[in-house]
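**Q** Quick one: the structure is below, questions incoming.
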Amino acid sequence: MTRKNYYILTNGLLKRKENTLYFINKDGKRPLPIHAIYSIYTYGALSISSQVVNLLSKEGIPIHFFNRYGFYTGSFYPRETLLSGDLLIKQVEHFIDNEKRLKLASDFVKGAISNMKRVLSYYNLDNNMDALLENLNSCDKITEIMNVEGRARADYYRLLDKILPKDFRIGQRTRRPPKNMTNALISFGNSLLYSTIISEIYNTQLNPTISYLHEPFERRYSLALDISELFKPIIIDRLILYLIKKNMIDKTDFEKDLNYSLLNENGKRKFIAEYDKRLKKTIKHRKIGRKVSYKRLIRLECYKLIKHVLGKEQYKPFISWW
Amino acid sequence: MISEAEKKLLVRGTQINYYFVCKTKLWLFSHHIQMEQESDAVELGKLIHDDTYKREEKGLILDDLISADFMRKGKVLEVHEVKKSNKMEEAHLFQLLYYLYYLKNEKGIEKIRGFIDYPKLRKRKEIRLTHDIEKRLEKILQDIDSIIKGDVPQPQRKKICRNCAYLEFCWS
Ligand code: SF4
């Protein structure tokens, strides 16, 4: 059975009866068979008993928590069963050794910029991403790499504004809180993606707290931040552009009282449904000789990192090939 | 719960199997880089972590392997490996031979008989541990240790990759 992501948007209670969890709220009771769950994403106030936690832990199912605004607040990261001391040492080694760290940090940004370029070319927007990629080669500090990334992203948003309807222009990227609709969508999507990546890392031997582009103290699972840079353009930004361009999302999906700077429940529902669809979408992977889903691509990225730190194969960041 | 000795034995047995199947697989498995999907390695992991797992299903009667009952004098210990097809792969053969070797040399159980059962074909084949095979096993164990100590072996694309749990790992 393939396990699925479950998204809970309302307040409620999670209960266990044998091997099934039940989500109970004012509208009733919904069963979640334990072997069908991959991860749980919860946006409301959720009460959980210790029996539930025990079962989730035993089955290795993470829960990601978001507050009602859709901001990520934390994860329940079950006890790790996939552990490799050798790998941990290598991961750390690649952090401590400055050259090794720079190589990985720069690869993440290279992937990020290349994928932004893909999005821009998809919409026929001329851009200078190649020049920025070029700049990466001369960076010998993490902050410099970060700066290139920041410049690329600013240009990227500026260019995307050209094809966005007036109401949906990004303008300045604003975070907490986002100041307009598209900023709200970007924040919401990036939080989702970050959590999805945490789940993928959980299913490998990688330690999620050791990162290369971001400082390990920036977030608890900072490796997920590193990896998310690669996938934000292809998974989140493409999704947002799609929703806006197809008129699938509009003003009524946002909280009017909050100046349209946050999705309302209906908006969240739509976004999540489309997001989940996208994670399941597959593309043909030449080397593997099979179709893989977008979600699986994230896992493959983890595998590539493992191979890199083990010294088996130089890491090449994911760059969308379609 | 499965004992440390049993765990080691199982790991060794699996390593021998992988030694014949693929050296990359052997290395990754031995360094605890295991895949979360259903696979031998994961089954083994479950076997080790989850005491509710039915051991008989593994084909090898592990419970009995070190149970005192069989050590009693006079009784002959039978070790069975159940196979679906009669394709007798070296990997399985040596895995079983290793269990026999272990019981003989580590546990001092001399009266052992190894069988490969083919329930579908209603056939049973007896496996014998000879002196030459013991020597060969020792050589294999040494080889395994030096492979594990070295760098991870480059994967080689082969037929079995398609059904291997590491497929996506090796070829991503
Ligand atoms: S995918 Fe192929 S090369 Fe990789 S471990 Fe499996 S059998 Fe070996």
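**Q** Between rounded, prolate and oblate, where does the stretch A:53-121 land on the alpha carbon gyration tensor, with a ≥ b ≥ c its root eigenvalues, rounded for a/c under 1.5, else prolate if a/b exceeds b/c?
**A** Details: a/c = 2.76, a/b = 1.25, b/c = 2.21.
Oblate.
**Q** Could I ask something else about it? Return the subset of A:Lys307/B:Lys139; A:Lys100/A:Lys307; A:Lys15/A:Lys58; A:Lys307/B:Lys149 for which the Cα-Cα distance in this structure is over 18 Å, preserving the input order.
**A** Numbers: A:Lys307/B:Lys139 29 Å; A:Lys100/A:Lys307 14 Å; A:Lys15/A:Lys58 16 Å; A:Lys307/B:Lys149 16 Å.
With Cα atoms farther than 18 Å apart: A:Lys307/B:Lys139.
**Q** Determine the shielding of peptide A:134-140 by partner chains: average, over its residues, the number of Cβ atoms on other chains within 10 angstrom of each Cβ. Could you put the intermediate results ahead of the total?
**A** On the way: counts 0, 0, 0, 0, 0, 0, 0.
Counting Cβ atoms of other protein chains within 10 Å of each residue's Cβ and averaging gives 0.
**Q** If Lys and Arg each add +1 and Asp and Glu each add -1, what is the summed charge of the other residues whose beta carbon sits under 14 Å from the beta carbon of B:Asp145?
**A** Around B:Asp145, the surrounding residues sum to +3.
**Q** Using a 10 Å cut-off on Cβ atoms, rank the peptides A:300-312, A:95-107 from the highest mean neighbour count down. Provide the component values of the computation, followed by the final result.
**A** Numbers: A:300-312: 20.7, A:95-107: 16.4.
With the highest mean Cβ count within 10 Å placed first, the list reads A:300-312, A:95-107.
**Q** Taking a 1.4 Å probe, which of A:Thr252, A:Thr42 shows the most accessible area, and what order do the others take after it?
**A** On the way: A:Thr252 100, A:Thr42 0 Å².
So, going from the largest accessible area down, we get A:Thr252, A:Thr42.
**Q** In what sequence, largest accessible area first, do A:Arg278, A:Arg299 appear using a 1.4 Å probe? Before the final figure, lay out each step's value.
**A** Values: A:Arg278 30, A:Arg299 0 Å².
The ordering from most to least exposed comes out as A:Arg278, A:Arg299.
**Q** Can you find, among B:His131, A:Tyr69, B:Leu28, the residue sitting farthest towards the positive end of the charge dipole of the protein assembly as shown, where Lys and Arg contribute +1 and Asp and Glu -1 at Cβ?
**A** Value: A:Tyr69.
**Q** Other chains' Cβ within 10 Å of B:27-35 residues: what's the mean?
**A** Details: counts 2, 6, 0, 1, 7, 7, 10, 6, 6.
Mean number of neighbouring Cβ atoms from other chains: 5.
**Q** Further question on the same structure: Using the Karplus curve 6.51 cos²θ - 1.76 cosθ + 1.60 with θ = phi - 60°, what ³J(HN,Hα) values do you get for each residue of the stretch A:138-146, in whole Hz, with x for Gly and Pro?
**A** Couplings: 9, 7, 10, 9, 4, 4, 5, 4, 4 Hz.
**Q** Moving on to the next point. Quick one: net charge around A:Gly12, please, counting Lys, Arg +1 and Asp, Glu -1 for every other residue with C-beta under 10 Å from its C-beta. Before the final figure, lay out each step's value.
**A** Numbers: positive: A:Lys15, A:Lys26, A:Lys29, A:Arg30; negative: A:Asp27.
For residues surrounding A:Gly12, the net value is +3.
**Q** Moving on. For the stretch A:211-301, which chymotrypsin sites (Phe, Trp or Tyr not before Pro) pass both filters: DSSP loop (anything but H, G, I, E, B) and at most 12 other C-beta atoms within 10 Å? Provide the component values of the computation, followed by the final result.
**A** Values: sites: A:Tyr212, A:Phe217, A:Tyr221, A:Phe231, A:Tyr242, A:Phe254, A:Tyr260, A:Phe271, A:Tyr275, A:Tyr294; in loops: A:Tyr212, A:Phe217, A:Tyr221, A:Tyr260.
Answer in residue order: A:Phe217.
**Q** Something else: Any idea what the relative contact order of chain A is, in percent, if you count C-alpha pairs under 8 Å spaced at least 6 apart? Before the final figure, lay out each step's value.
**A** Working: 481 pairs, mean separation 50.2, N = 322.
It comes to 16 percent, rounded to a whole number.
**Q** Whole angstrom only: what separates the Cα centroid of the stretch A:6-29 from the Cα centroid of the stretch A:219-269?
**A** Distance between centres, Cα-based: 25 Å.
**Q** Could you tell me the relative contact order of the stretch A:1-74? Use alpha-carbon pairs under 8 Å, at least six residues apart, and round to a whole percent. Provide the component values of the computation, followed by the final result.
**A** Working: 138 pairs, mean separation 23.0, N = 74.
Here the relative contact order equals 31 percent.
**Q** When a/c reaches 1.5 or more, the comparison of a/b and b/c decides; with that in mind, is chain A rounded, prolate or oblate per its Cα gyration tensor?
**A** Numbers: a/c = 1.80, a/b = 1.13, b/c = 1.60.
Cα axes put chain A in the oblate bin.
**Q** Tell me, what is the FRET efficiency for A:Asn124 and A:Tyr22 to the nearest 0.05, using R0 = 41 angstrom and their Cβ-Cβ distance as r? Let's see the in-between values first.
**A** Working: r = 50 Å, r/R0 = 1.21.
So the FRET efficiency works out to roughly 0.25.
**Q** Could you derive backbone 3J(HN,Hα) for the stretch A:57-74 from the dihedral phi with the Karplus parameters 6.51, -1.76 and 1.60 (θ = phi - 60°), listing whole Hz in sequence and x where the residue is Gly or Pro?
**A** Result, rounded to whole Hz: 5, 5, 8, x, 10, x, 10, 10, 10, 10, 7, 5, 7, x, 7, 5, 10, x.
**Q** Under 5 Å between amide H atoms, partner at least 5 residues away or on a different chain: which partners does B:Ile127 have, H built in plane at 1.01 Å?
**A** B:Gly114, B:Phe115, B:Ile116
**Q** Please report the carbon-and-sulfur percent of the accessible area for the stretch A:83-308; probe 1.4 Å, protein heavy atoms only, DNA, RNA and ligands left out. Let's see the in-between values first.
**A** Values: 4720 of 9750 Å².
C and S atoms contribute 48 percent here.
**Q** Mind checking which of B:Gly13, B:Tyr166, A:Ile145 is farthest towards the positive end of the protein assembly as shown's charge dipole, using Cβ charges of +1 (Lys, Arg) and -1 (Asp, Glu) about the Cα centre?
**A** Working it through, the farthest residue towards the positive pole turns out to be B:Tyr166.
**Q** Another question, then. Taking the stretch A:20-79, which trypsin sites (Lys or Arg not before Pro) meet the DSSP loop condition and have no more than 16 other C-beta atoms within 10 Å? Walk me through the numbers on the way to the answer.
**A** Details: sites: A:Lys26, A:Lys29, A:Lys58, A:Arg68, A:Arg79; in loops: A:Lys26, A:Arg68, A:Arg79.
Of the trypsin sites (Lys or Arg not before Pro), the ones in loops of the stretch A:20-79 whose Cβ has at most 16 other Cβ atoms within 10 Å are A:Lys26, A:Arg68, A:Arg79.
**Q** R0 = 60 Å: FRET efficiency of A:Lys245 with B:Asp151, Cβ-based, nearest 0.05?
**A** Values: r = 49 Å, r/R0 = 0.82.
Computed FRET efficiency for A:Lys245 and B:Asp151: 0.75.
**Q** Excluding B:Tyr101 itself, what net charge comes from residues whose Cβ is under 11 Å from its Cβ, given Lys and Arg +1 and Asp and Glu -1? Intermediate results must be reported in sequence, preceding the final value.
**A** Values: positive: B:Arg12, B:Lys104, B:Lys107, B:Lys135, B:Arg136; negative: B:Glu106, B:Glu134, B:Glu138.
Around B:Tyr101, the surrounding residues sum to +2.
**Q** Sticking with this one: Across the stretch A:273-279, in residue order, what do the Karplus-derived ³J(HN,Hα) couplings come to in whole Hz, using 6.51 cos²θ - 1.76 cosθ + 1.60 with θ = phi - 60° and x for Gly and Pro?
**A** 4, 5, 4, 5, 4, 5, 4
**Q** Share of antiparallel DSSP beta bridges in the protein assembly as shown, in percent to the nearest 5?
**A** Numbers: 25 of 42 bridges.
Percent antiparallel among DSSP bridges in the protein assembly as shown is about 60.
**Q** With the convex hull built on the Cα atoms of the stretch A:153-283, state its orientation-averaged projected area in nm².
**A** Details: hull surface 35.0 nm².
Averaging across all directions leaves 8.7 nm² for the Cα convex hull.
**Q** Using modelled backbone amide H atoms (1.01 Å from N, in-plane), which distant-in-sequence or interchain residues come within less than 5 Å of A:Leu32's amide H?
**A** A:Leu21, A:Tyr22, A:Phe23
**Q** So if I place +1 on the C-beta of Lys and Arg and -1 on the C-beta of Asp and Glu, and nothing else carries charge, what would the dipole magnitude of the protein assembly as shown be about its Cα centre? I want it in debye, nearest 20. Write out the running numbers ahead of the final one.
**A** Values: 89 positive and 61 negative charges, 350 e Å.
The dipole of the protein assembly as shown has a size of about 1680 debye.
**Q** Next question, about the same structure. Once amide H atoms are placed 1.01 Å from N in the peptide plane, what residues at a sequence separation of 5 or more from A:Ile8, or on another chain, have their amide H within under 5 Å of its amide H?
**A** A:Tyr41, A:Thr42, A:Tyr43
**Q** Given a 1.4 Å probe and the protein chains all in place, what does the accessible area of A:Val53 round to, in Å² to the nearest 10?
**A** Approximately 50 Å² for this residue.
**Q** Applying a 10 Å radius around every beta-carbon, put B:135-141, B:21-27 in order of their mean neighbour count, most first. Working shown, then result.
**A** Values: B:135-141: 13.7, B:21-27: 21.9.
Ranking, from highest mean packing down: B:21-27, B:135-141.
**Q** Please calculate how many Å² of accessible area the protein assembly as shown carries per residue, with a 1.4 Å probe and no DNA, RNA or ligand atoms counted. Working shown, then result.
**A** Working: 24180 Å² over 494 residues.
About 49 Å² of surface per residue is accessible.
**Q** Now for a separate question. Trypsin sites (Lys or Arg not before Pro), restricted to the stretch A:179-237: which are DSSP loop and have at most 16 other Cβ atoms within 10 Å? Mind showing how you got there, number by number?
**A** Values: sites: A:Lys179, A:Arg219, A:Arg220; in loops: A:Lys179, A:Arg219, A:Arg220.
Hits after loop and neighbour filter: A:Lys179, A:Arg220.
**Q** Which lysines have a Cα lying under 24 Å from the Cα of A:Lys245, excluding residues fewer than 8 positions away in the same chain?
**A** Candidates past the 8-residue exclusion: A:Lys117, A:Lys162, A:Lys166, A:Lys179, A:Lys232, A:Lys256, A:Lys268, A:Lys270, A:Lys277, A:Lys280, A:Lys281, A:Lys295.
**Q** I've got another one for you. P(r) for the stretch A:2-74: what percent of alpha-carbon pairs falls in each 10 Å bin, starting at zero?
**A** 20, 58, 21, 0
**Q** Buried accessible area between B and A (1.4 Å probe, both chains summed, ligands and nucleic acids excluded), in Å² to the nearest 100? All intermediate terms of the calculation are to be shown ahead of the outcome.
**A** Values: alone 10550 and 15730 Å², together 24180 Å².
The B and A chains share an interface burying roughly 2100 Å².
The values are calculated or read from the model by the stated rules, or taken from the named source; none is laboratory data. Only a predicted model underlies this, so the values are computations on that prediction, with no experimental measurement involved. Here the Cβ is made from the backbone with ideal geometry for all residues, glycine too, and neighbour counts use every protein chain on show. Keep in mind that these areas ignore ligands, DNA and RNA; they rest on the heavy atoms of the full protein, side chains included. Shrake-Rupley method; radii C 1.70, N 1.55, O 1.52, S 1.80 Å.
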